[in-house]
Every structure is written in C-alpha cells, then in structure tokens.
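Presented below is the structure to which this report refers.
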Amino acid sequence: MAHLKPVRGTHDLLPEDMRQHRAVIDTARKIVRLYGFEEIATPIFESTEVFHRTLGDTSDVVTKEMYSFEDRNGDFLTLRPENTAGVARCFISEGLAQKVPLKYFYAGPMFRRERPQKGRLRQFHQIGIELLGVASPAADVDVIAAGHRALRSLGIIDKTVLELNSLGDRESRNAYRDALIDYFTPHKNSLSDDGRARLQRNPLRILDSKDKADRELAAEAPVLSDYLNEGSRNFFRNVQDGLMRIGIDFKINTRLVRGLDYYGQTTFEFVTDALGAQGTVLAGGRYDGLIELMGGAPTPGVGWAAGVERLAMLIDKYKEDCPVFAIIPMGQKAADRAHMLAEELRDDGLVVDLAYAGNVSRRMKRANRIGASAALILGDEELARNVVQIRDMKTGNQSETSLDAVIVGLNQFR
Ligand code: ATP
Ligand code: MG
C-alpha cells in the first residue's frame with residue numbers, strides 16, 4: 001500500500017534519531033536558560049492571517065510553502081511554517097506588553113512545502129529564542145551569544161561561521177530598495193520569473209534568490225551597507241563592538257537578507273559547509289516592526305531559529321549515559337521473582353529490561369542489542385540459594401550476588 005509510507009518530506013524518528021534530536025533540544029534549552037530564556041509552546045496551527053501579514057506576501061514561505069486549509073466552519077488555518085509569528089501573536093493575545101522584556105525559548109515541528117532534500121524537509125523541527133521589548137543592540141549581542149554558546153555546547157561551533165549583516169531601518173531600506181530597482185530594471189529580461197515578480201514587489205528578495213541568473217546579477221548589485229543612514233550604521237557598529245567584546249568572531253556578508261520579510265537592522269546566520277547545499281543551521285535577526293504590524297503595541301524584538309535535523313546531523317553520536325540492565329530469568333518460578341527484582345531496581349532508579357520469553361541465548365542477544373551493561377541471570381537453582389548471577393556484558397565476567405544486595409553488586413556499572 002503506497003500510502004502506508006510517510007508523506008514525502010516527512011520522517012519517522014526512531015529511538016536512535018530521537019536521541020540525537022533530544023540531545024540538540026535539551027542542550028539548547030539548557031544553554032539559553034543561562035541567558036534567562038524560558039520555554040513556551042504555541043499551537044502548531046494558527047489562523048492563516050497570522051503568517052500572511054507577517055512573513056510578507058513576497059516571501060517564499062507565503063507564496064509557495066504553506067500548508068493551509070479551510071476548516072469545516074470556513075476558518076482559514078495554516079500549519080506553522082515558523083514560530084516567530086506565533087510568538088508575536090501570543091504576545092498580543094495574552095496581553096504581555098506590560099511584562100517586557102520577555103525571553104522565550106521554543107522547540108517543535110514546523111511545516112513547509114519545499115522540495116525535499118538532505119536537510120530540507122516538509123515537516124522539520126526548530127528550536128529558537130525570541131527576546132521581546134528591547135531596542136538596544138545589547139539584546140542582539142546577547143541573542144547571538146546564546147546561539148553561539150548553544151553551538152559550542154553541541155560541539156559544532158568550529159564547523160560554522162557566523163555571518164552578519166544589517167538591513168538598516170525602514171528609511172535605509174527604502175533608499176536601498178530604490179537603488180535596487182534602478183539597478184535591476186535594465187536587466188529585467190535576464191531575471192527569472194520569480195526574480196521579476198520580486199522586482200515589482202520586494203526587490204531585496206532577489207538577493208536571496210536561489211536562481212543562478214538572479215544570483216549572477218545580484219552579485220553586481222549595489223550593497224545595502226552603502227545605504228545605511230547614520231542611526232542604522234551606529235546600531236550595527238554597536239552590535240559588532242559588542243560581539244567583539246565577548247570574543248565572538250563573525251564575517252560581514254552584505255548579501256545576507258534572510259528569507260522572511262519582517263527583519264530589519266541586524267540579520268545573522270551560522271553557516272556550515274558540512275551539509276552540502278543546506279548550509280544554514282541557525283539564523284535570525286531583529287524584527288522591530290513585527291508586533292505592531294500584527295496590531296499590537298509597538299514592541300521591538302530579536303531572535304533566531306535553528307533546524308534541529310541539520311544540527312542533529314552535525315553533532316557526534318549521542319550516547320545515553322545511564323546504564324541499562326537486562327534480567328534474564330530461567331524457569332517459571334524465577335520469572336515470577338524476576339518481576340519483583342525488576343521493580344525493586346526501578347525503585348532505585350535503574351533502567352531494567354525484562355526478557356519475557358525465549359531461550360537464554362536469545363535473551364542474551366537481546367541484552368546485547370539494547371546495549372545492556374550487565375545481565376542478571378536468575379535460574380531456579382539461583383533462586384533456591386537466594387542469589388543472582390551478574391554478567392558483565394563487556395568482559396563476559398560473571399559473579400554471584402545475594403538477591404538481597406543486587407544494588408550493591410550493580411554499583412560498579414553506574
Ligand atoms: P533556507 O535558506 O535553508 O531555506 P530559511 O531562510 O528558509 O532557510 P529560516 O526560516 O530562517 O530558514 O529557518 C531557520 C532554520 O530552520 C534554517 O536555518 C534551517 O536550519 C531550518 N530550516 C528551515 N527550513 C527547513 C526545512 N525545510 N527543513 C529542515 N530545516 C529547515
Ligand atoms: Mg527556506
């Protein structure tokens with residue numbers, strides 16, 4: 001049955017995948033907590049409007065990537081393609097304006113109808129942070145530092161480069177926009193269809209195009225840094241100085257415009273060349289106009305999101321650090337006693353796998369397969385003497401311990 005496969009671009013996460021996944025999420029959560037971020041969760045679907053108005057009518061996400069549907073009662077809903085708009089919506093509907101500054105962390109699935117490739121899925125997962133209510137460049141620095149430290153803690157900071165740019169304030173972007181229109185218009189016919197549509201509606205987006213012809217033209221286009229007004233230049237200078245002060249290296253990339261329309265001033269990406277074409281692992285920027293655009297009180301914001309799948313591919317194989325013990329009873333009486341023993345050990349916080357059936361060699365194989373540190377072998381003969389055999393699965397050494405002191409015998413494996 002063909003439809004019994006996962007939908008194109010979606011994935012089952014089996015335990016070995018989930019371990020990598022959890023390692024990424026748990027590490028990030030712990031690290032951003034050091035910066036004061038606390039976890040929240042917003043719904044996986046929102047009114048379509050939440051994304052339409054905020055991500056911008058010209059962004060790839062809105063024009064072709066959203067999973068939208070009409071509910072039975074005629075409401076238009078969308079599976080969230082990202083979480084910043086959801087957090088902004090939450091900020092407004094929960095009336096959080098009086099509580100700024102707010103620092104939120106989130107983790108969860110996102111949905112975009114993209115062409116699936118390695119590191120590019122239709123259901124993928126993101127972790128991210130949002131710092132709401134702080135206009136100062138110190139917030140940008142702290143947010144970038146949190147991302148930097150998370151990547152460091154995951155052991156992959158050396159595989160990435162931090163690219164940094166400023167999109168300036170609205171005035172600067174408008175001046176730049178005019179310059180881009182002047183530059184691209186004579187080359188209109190060389191642009192892709194997408195590029196031409198972007199020229200009309202949002203020429204900045206041409207710089208983010210993945211089309212070859214667009215990119216070649218964009219390479220010669222005017223650069224935004226020449227159009228930043230004084231305020232924007234100062235802001236950007238302060239972000240750079242702040243990063244240098246705390247020892248975070250970066251590279252200025254004047255072409256970095258990001259995929260979503262709500263960004264202004266600072267934008268940044270941690271990129272790697274270890275994942276082929278899908279090189280961006282953690283990306284974000286400042287979005288001062290977003291909450292106002294959605295109808296909330298003007299509230300500045302800055303944040304980032306990172307792809308969990310891409311990070312999970314980069315980190316070392318995560319090893320579970322708590323030992324697993326397998327109990328292997330032989331004979332019915334031993335099997336009954338084994339249940340009690342398993343519960344006693346679990347009372348002590350040990351991970352215990354009980355072999356329910358099969359001969360000893362099959363049960364031993366299973367103990368190996370689940371990575372047990374030791375097997376506890378309990379036959380009727382052992383039971384009669386109130387002892388159990390503890391077999392070290394690594395060395396094969398076996399020793400006998402009183403059933404009343406199993407915990408002590410297992411201490412060497414902890
Ligand atoms: P890209 O240029 O790779 O399409 P983007 O600009 O669309 O990225 P963002 O919307 O900023 O990405 O999302 C932040 C991060 O989420 C990305 O850097 C990436 O790690 C991850 N991500 C985005 N889209 C996908 C996807 N379809 N599958 C897997 N991870 C993704
Ligand atoms: Mg994208």
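The values are calculated or read from the model by the stated rules, or taken from the named source; none is laboratory data. As the structure is a prediction and not an experimental result, all values here were calculated from the model. For neighbour counting, all protein chains shown are included, and Cβ atoms are generated from backbone atoms with ideal geometry for every residue, glycine included. Only protein heavy atoms, including side chains, enter the accessible area calculation; ligands, DNA and RNA are left aside. Shrake-Rupley method; radii C 1.70, N 1.55, O 1.52, S 1.80 Å.
For the structure I just gave you, tell me whether L167 is away from ligand 2 (no atom under 16 Å from the Cβ), closer than 30 Å to D193 by Cβ, in contact with a Gly (Cβ under 7 Å, 6 or more places away or on another chain) and not charged (D, E, K, R).
Criteria met by L167.
Name the single residue that is farthest from I157 (Cα to Cα) among those in segment 276-295 being in contact (Cβ under 8 Å) with a residue 12 or more places away in the chain, in a loop (DSSP other than H, G, I, E, B) and near ligand 1 (Cβ under 9 Å from one of its atoms).
Taking the candidates together, the pick is A277.
When you check Q117 against the structure, is it more than 18 Å from E39 (Cα to Cα), open to solvent by 30 Å² or more (accessible area, probe 1.4 Å) and more than 16 Å from ligand 2 (Cβ to nearest atom), yes or no?
no
When you go through S361, S373, S399 one by one, which is the residue that is under 30 Å from V24 (Cα atoms) and either among the polar types (S, T, N, Q) or assigned by TED's automatic domain parsing to the domain that holds D26 (or both)?
One residue alone meets the criteria, S373.
Just to check your reading of the model, which residue among A175, A135 is open to solvent by 10 Å² or more (accessible area, probe 1.4 Å) and not in a helix (DSSP H, G or I)?
Working: A175 fails: not in a helix (DSSP H, G or I).
Within the list A175, A135, the selection yields A135.
Which residue pairs have Cβ atoms under 6 Å apart, sit 6 or more places apart or on different chains, and have a first residue in segment 59-71 that is more than 18 Å from P116 (Cα to Cα) and without any contact (Cβ under 8 Å) to a residue 12 or more places away in the chain and a second that is away from ligand 2 (no atom under 12 Å from the Cβ) and open to solvent by 60 Å² or more (accessible area, probe 1.4 Å)?
From segment 59-71, the pairs are E70/F76.
Kindly list the number of the only condition in (1) modelled with pLDDT of 95 or more; (2) within 16 Å of ligand 2 (Cβ to nearest atom); (3) surrounded by fewer than 14 Cβ atoms within 10 Å (Cβ to Cβ) that fails for L34.
Tallying (1) modelled with pLDDT of 95 or more; (2) within 16 Å of ligand 2 (Cβ to nearest atom); (3) surrounded by fewer than 14 Cβ atoms within 10 Å (Cβ to Cβ), L34 fails exactly one: (2).
Anything in segment 23-73 that is within 16 Å of ligand 1 (Cβ to nearest atom), hydrophobic (A, V, I, L, M, F, W, C) and part of a loop (DSSP other than H, G, I, E, B)? List them, or say none.
I44, M66
Residues are listed down the side, and each one gets a yes or a no for (1) farther than 20 Å from G296 by Cβ; (2) in contact with a helix residue (DSSP H, G or I) (Cβ under 9 Å, 6 or more places away or on another chain); (3) in the same structural domain as V239 (by TED's automatic domain parsing):
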residue: Y67; (1), (2), (3): yes, no, yes
residue: G95; (1), (2), (3): no, no, yes
residue: Q98; (1), (2), (3): no, no, yes
residue: M110; (1), (2), (3): yes, no, yes
residue: Q126; (1), (2), (3): yes, yes, yes
residue: V134; (1), (2), (3): no, yes, yes
residue: A138; (1), (2), (3): yes, yes, yes
residue: G155; (1), (2), (3): yes, yes, yes
residue: L164; (1), (2), (3): yes, yes, yes
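Taking into account only those residues within segment 91-137 that are within 12 Å of the chain's Cα centre (by Cα) and of a type in the set (F, W, Y), which is nearest to ligand 1 (Cβ to nearest atom)?
Once the filter is applied, the top-ranked residue is F124.
List pairs: first in segment 36-58 and under 16 Å from M110 (Cβ atoms), second open to solvent by less than 30 Å² (accessible area, probe 1.4 Å) and of a type in the set (S, T, N, Q), Cβ under 9 Å, 6+ apart or cross-chain?
Once the first residue is under 16 Å from M110 (Cβ atoms) and sits in segment 36-58, its partners that are open to solvent by less than 30 Å² (accessible area, probe 1.4 Å) and of a type in the set (S, T, N, Q) give T42/N83; F45/T78; E46/T78; T48/T78; V50/T78; F51/T78; T54/T84; L55/T84.
Just one of L180, L256, L204 is within 16 Å of ligand 2 (Cβ to nearest atom) and over 15 Å from R286 (Cα atoms); which is it? Give the derivation first.
Details: L180 fails: within 16 Å of ligand 2 (Cβ to nearest atom); L256 fails: over 15 Å from R286 (Cα atoms).
Within the list L180, L256, L204, the selection yields L204.
Checking I377 against (1) of a type in the set (V, I, T); (2) crowded, with 18+ Cβ neighbours inside 10 Å; (3) under 40 Å from the mean Cα position of the chain (by Cα), which single condition isn't satisfied?
Only one criterion is unmet by I377, namely (3).
When the residues of segment 4-22 are narrowed to those that are among the hydrophobic types (A, V, I, L, M, F, W, C) and not in a loop (DSSP other than H, G, I, E, B), which ends up least open to solvent (accessible area, probe 1.4 Å)?
The extreme case among them is M18.
Look at segment 285-311 and say how many of its residues are open to solvent by less than 20 Å² (accessible area, probe 1.4 Å) and either aliphatic (A, V, I, L, M) or not assigned by TED's automatic domain parsing to the domain that holds I129 (or both).
6
Being among the small types (G, A, S), open to solvent by less than 20 Å² (accessible area, probe 1.4 Å) and more than 23 Å from T266 (Cα to Cα) is true for just one of G108, G74. Which residue is that? Don't jump to the end; show me each part of the working.
Values: G74 fails: open to solvent by less than 20 Å² (accessible area, probe 1.4 Å).
Exactly one of G108, G74 is among the small types (G, A, S), open to solvent by less than 20 Å² (accessible area, probe 1.4 Å) and more than 23 Å from T266 (Cα to Cα), namely G108.
Among the residues of segment 141-159, count how many are within 16 Å of ligand 1 (Cβ to nearest atom), in contact (Cβ under 8 Å) with a residue 60 or more places away in the chain and open to solvent by less than 50 Å² (accessible area, probe 1.4 Å). Walk me through how you get there before you give the answer.
Step one: filter segment 141-159 for residues within 16 Å of ligand 1 (Cβ to nearest atom), giving 143-144, 146-148, 150-151, 154, 156-157, 159.
Still in the running and in contact (Cβ under 8 Å) with a residue 60 or more places away in the chain: 143-144, 146-148, 150-151, 154, 156, 159.
Next, from what is left, pick out any that are open to solvent by less than 50 Å² (accessible area, probe 1.4 Å): 143-144, 146-148, 150-151, 154, 156.
The total comes to 9.
I need the full set of residues from segment 53-67 which are more than 13 Å from ligand 2 (Cβ to nearest atom), modelled with pLDDT of 80 or more and open to solvent by 30 Å² or more (accessible area, probe 1.4 Å), in order please.
If the condition is that a residue be more than 13 Å from ligand 2 (Cβ to nearest atom), modelled with pLDDT of 80 or more and open to solvent by 30 Å² or more (accessible area, probe 1.4 Å), then Y67 is the only one that fits.
Return only the number of the condition from (1) touching a residue at least 24 places away in the same chain (Cβ under 8 Å); (2) buried (at least 16 other Cβ atoms within 10 Å of the Cβ); (3) within 16 Å of ligand 2 (Cβ to nearest atom) that L243 does not satisfy.
All conditions pass for L243, except number (3).
Being within 18 Å of the chain's Cα centre (by Cα) and on the phi < 0 side of the Ramachandran plot is true for just one of L4, L34, L55. Which residue is that?
Testing whether each residue is within 18 Å of the chain's Cα centre (by Cα) and on the phi < 0 side of the Ramachandran plot leaves just L34.
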